[in-house]
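What follows is calculated from the coordinates using simple rules that are stated; it is not laboratory data. As the structure is a prediction and not an experimental result, all values here were calculated from the model. FYI the Cβ positions are ideal-geometry reconstructions off the backbone, even for glycines, and counts take in every protein chain you see.
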Amino acid sequence: MSSPWIAGLRSVALKVPDLERAEDFYTNTWHLAVVARTPDALYLRGTGADHHLLALHQGGANAEIVHASFRARSREALDAIAQAAVQAGGSVHLPIAPITEPGGGIGLTVRDPDGRLLQVVFGDSQHSDAHETPDRPIRLAHAVLNSHDVEATQRFFAQALGFTLADRTRIMAFLNCASDHHSVALGDTDNDALNHIAFVMPDLESVMRGGGRMRDAGHQIEWGPGRHGPGDNAFNYFIGPFGEVIEYTAEVEQIDDSYQVGGPDDWKWPPGRVDQWGISQPPSARLKEAQRQVFFIKT
């Protein structure tokens, strides 16, 4: 099921109104580490090999998503994606060129038909000290993007980036590019906002302790703890300091070409359940509202 061009989700870039506050939260509470900074941006890594998982840029009053960044399997994949994205109805926003921001490499940024910016990089810096540490995120698991037309957005990801469908529920399409069950999911909604960003923790205990740490810092668990159906991953959801929805997750299902794609009838819960365990309350009203507030920049 793997994409011939995309090896995985690398990072997400956001614009936020207060970099000092962002640094305090994402290092002391969320447990990322600063790997680089510029006068107007902050780059945060996990314990894994990816140079950074979050790029936070100084912005205006509201959080915005700049782009989602994916790692290409080869230099040639960038050429293929540049051509395929245009054929799929998108456009090339930034042509193939060396990336000047921290992490480097060669990159390409395409815009999908609904205005989302998707960066693809190859040859960027990776850390040689990748490891797992309790209570610290390793890498990104997935980004979930809302879509007012899921079928059209899914078609673009398939044609332009080589993603395939792993599962389809009544409200979400889960898209696969590598061994993780999904690296992108599309929420079936009436808007095109960022739904959430998920960070892989080393184990279930770290997901649970992360929930306690976030509550101690004044960020309530907005959904969880629980275990999803598609992806089989454990979860806790929170709202970050600028309204962005973030998730701690662990035990993401690993799949290959033998995986059987499921449909909505395969992912129905008994009445009163919203996950496999059946102990989680439904997502909070605050969470549902936050999942509609952070949009891609249009410039």
(message) Could you order the peptides 217-230, 118-131, 272-285 from most to least packed, using the average number of other C-beta atoms within 10 Å per residue?
(response) 217-230, 118-131, 272-285
(request) Post the alpha-carbon centroid distance, the stretch 79-130 to the stretch 9-32, in whole angstrom. (result) 22 Å
(message) With a cut-off of 8 Å between alpha carbons and a minimum separation of six or more residues, what is the relative contact order of the stretch 6-122 in percent?
(response) 26 percent
(request) Sequence neighbours fewer than 8 away in the same chain don't count; with that in mind, list the lysines whose C-alpha is under 20 Å from Lys15. (result) Lys298
(message) Give me Ser74, Ser3 sorted ascending by neighbouring Cβ count inside 10 Å, so fewest comes first.
(response) Ser74, Ser3
(request) For a footprinting-style exposure proxy, rank Asp188, Asp50 by other Cβ within 10 Å, fewest first. (result) Asp188, Asp50
(request) May I ask you to evaluate 6.51 cos²θ - 1.76 cosθ + 1.60, the Karplus curve with θ = phi - 60°, for each residue of the stretch 63-80 and list the ³J(HN,Hα) values in order in whole Hz, giving x for glycine and proline? (result) 5, 9, 9, 7, 6, 9, 10, 10, 9, 7, 6, 7, 5, 5, 4, 5, 4, 5
(message) If the reach is capped at under 17 angstrom between alpha carbons, list the aspartates and glutamates near Lys268, excluding any in the same chain fewer than eight residues apart.
(response) Asp167, Asp188, Asp232
(request) Would you mind ranking Glu289, Glu247, Glu253, Glu64 by Cβ crowding within 10 Å, fewest neighbours first? (result) Glu289, Glu253, Glu64, Glu247
(message) What are the ³J(HN,Hα) couplings of the stretch 135-152, residue after residue, when phi is run through the Karplus curve with 6.51, -1.76, 1.60 and θ = phi - 60°? Round to Hz, x for glycine and proline.
(response) 6, 10, x, 8, 7, 7, 8, 6, 10, 10, 10, 5, 8, 6, 9, 4, 4, 5
(request) Give, as ranges by residue number, the residues of the stretch 203-238 whose backbone N falls under 19 Å from the point 7 Å along Cα→Cβ of Gln281. (result) 208-228, 235-238
(request) Please list, in chain and number order, the residues 5+ apart from Ile99 or on another chain whose amide H is under 5 Å from its amide H, with Hs placed from the backbone. (result) Gly105, Ile106, Gly107
